[in-house]
Amino acid sequence: MKVVILCGGQGTRLREETEVKPKPMVEIGGYPIVWHIMKTYAQYGFKEFVLCLGYKGNYIKQYFCNYEILENDFTLDLGSKDLTFHTRHAEEGWKVTLADTGEHAMTGARVKRIQSYIDEDYFMLTYGDGVIDLDIKKLVDFHKSHGRIGTVTGVFPQSRYGELLIEDDHVVSFSEKPMDHKNSISGGYFVFHKKIFDYLENEDSCILESDALQKLAKDGELKVFVHDGFWQCMDTYRDYMYLQNIWKTGDAPWRKW
């Protein structure tokens, strides 16, 4: 089963980093966040990726084309240009398809344009800016058990604000940034049957969330897999710093490798 990762957005809310690089290439602990996402899937044996490129897509192409050189010791024969690698990294076996899906395309159009790379009944999809400690195998098993076209992972994001319990004008308790377990939101980790392509159009304006997912929900073809563990997207510079600080502790919840 292939993993499709949306990597084409401009990341306008993270301009401090995305002026010079695409959002999925913003580094957490010295590695692009898209690498962290791919490591999560690879931990469960899913090592074939299709990256949907757009804004500054060449940056991502150059990174993966040079990945072996960046991650290994090697000897270069200057005469023949032959390379001999002396170390091996954990990403052996990864296959990465880098697909240019348009500079200005919306999410639905990007997914539609990689249809030719999906040659099995099922594939997974996520965004290139969110990390999670999800058991991918359980997600896939759940999807295959219900027979619908789509599964979305429901997550419970951490509140950005402290929660006050008040009686009259007295603060009875203060809970800093509690988890909101009343309503889940889309965590962006999807599994789809290839029938999803029938819900998408090859037009830049096609939006996965409003054009396809809403229709799937209306047709009774979208199920939710509830995940109450760690999830965090990187929408803003504050999110970026939050993830960096977690990584520095040496105990990042999403690091299962």
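The values are calculated or read from the model by the stated rules, or taken from the named source; none is laboratory data. All figures in this text were calculated on a predicted structure; none of them were measured in a lab. Note that each Cβ is placed from the backbone with ideal geometry, even for glycine, and that neighbours are counted across all protein chains shown.
Taking every residue in the stretch 1-17 that is farther than 30 Å from Asp119 by Cβ and pairing it with any residue that is acidic (Asp, Glu) and part of a loop (DSSP other than H, G, I, E, B), at least 6 positions away or on another chain, the pairs with Cβ-Cβ distances below 8 Å are Gly11/Asp129; Arg13/Asp235; Leu14/Asp235. Just name the residue that is surrounded by the most Cβ atoms within 10 Å (Cβ to Cβ) out of those in the stretch 222-257 that are in contact (Cβ under 8 Å) with a residue 24 or more places away in the chain and of a type in the set (Gly, Ala, Ser). Step by step, filter the stretch 222-257, then rank; the result is Ala252. Restricted to the stretch 187-213, and to residues there that are out of contact with any Leu (no Cβ under 9 Å at 6 or more places or on another chain) and in a helix (DSSP H, G or I), the residue that is surrounded by the most Cβ atoms within 10 Å (Cβ to Cβ) is Phe197. Residues that are in contact with a helix residue (DSSP H, G or I) (Cβ under 8 Å, 6 or more places away or on another chain) and not aliphatic (A, V, I, L, M) within the stretch 16-28 comprise Glu16, Glu17, Thr18, Lys21, Pro22, Lys23, Pro24, Glu27, listed in sequence order.
The residues of the stretch 115-138 that are surrounded by fewer than 21 Cβ atoms within 10 Å (Cβ to Cβ) and either more than 19 Å from Lys256 (Cα to Cα) or of a type in the set (A, V, I, L, M, F, W, C) (or both), listed by number, are Gln115, Ser116, Tyr117, Ile118, Asp119, Glu120, Asp121, Tyr122. Of all the residues that make up the stretch 146-158, how many are surrounded by fewer than 13 Cβ atoms within 10 Å (Cβ to Cβ) and under 12 Å from Val224 (Cα atoms)? The number of residues fulfilling the criteria is 1. I need every pair where a residue in the stretch 53-64 that is closer than 20 Å to Lys112 by Cα and at pLDDT below 95 has its Cβ under 7 Å from the Cβ of a residue that is of a type in the set (Asp, Glu) and part of a helix (DSSP H, G or I), sequence separation at least 6 or different chains. Sorted first by the residue in the stretch 53-64, then by its partner, the list stays empty. All but one of (1) modelled with pLDDT of 95 or more; (2) small (Gly, Ala, Ser); (3) closer than 24 Å to Met25 by Cα hold for Ser186; which doesn't? The single condition Ser186 does not satisfy is (1).
Against the definition (at pLDDT below 60, in a strand (DSSP E or B) and either closer than 26 Å to Ile136 by Cβ or hydroxyl-bearing (Ser, Thr, Tyr) (or both)), how does Ser173 come out, yes or no? Spelling it out, Ser173 is indeed at pLDDT below 60, in a strand (DSSP E or B) and either closer than 26 Å to Ile136 by Cβ or hydroxyl-bearing (Ser, Thr, Tyr) (or both). Residue count for the stretch 72-102, restricted to those that are farther than 30 Å from Glu203 by Cα and among the small types (Gly, Ala, Ser): 4. Looking at the stretch 46-61, can you tell me whether even one residue there is under 28 Å from Lys248 (Cβ atoms), more than 17 Å from the chain's Cα centre (by Cα) and hydrophobic (A, V, I, L, M, F, W, C)? The answer is no; no qualifying residue exists.
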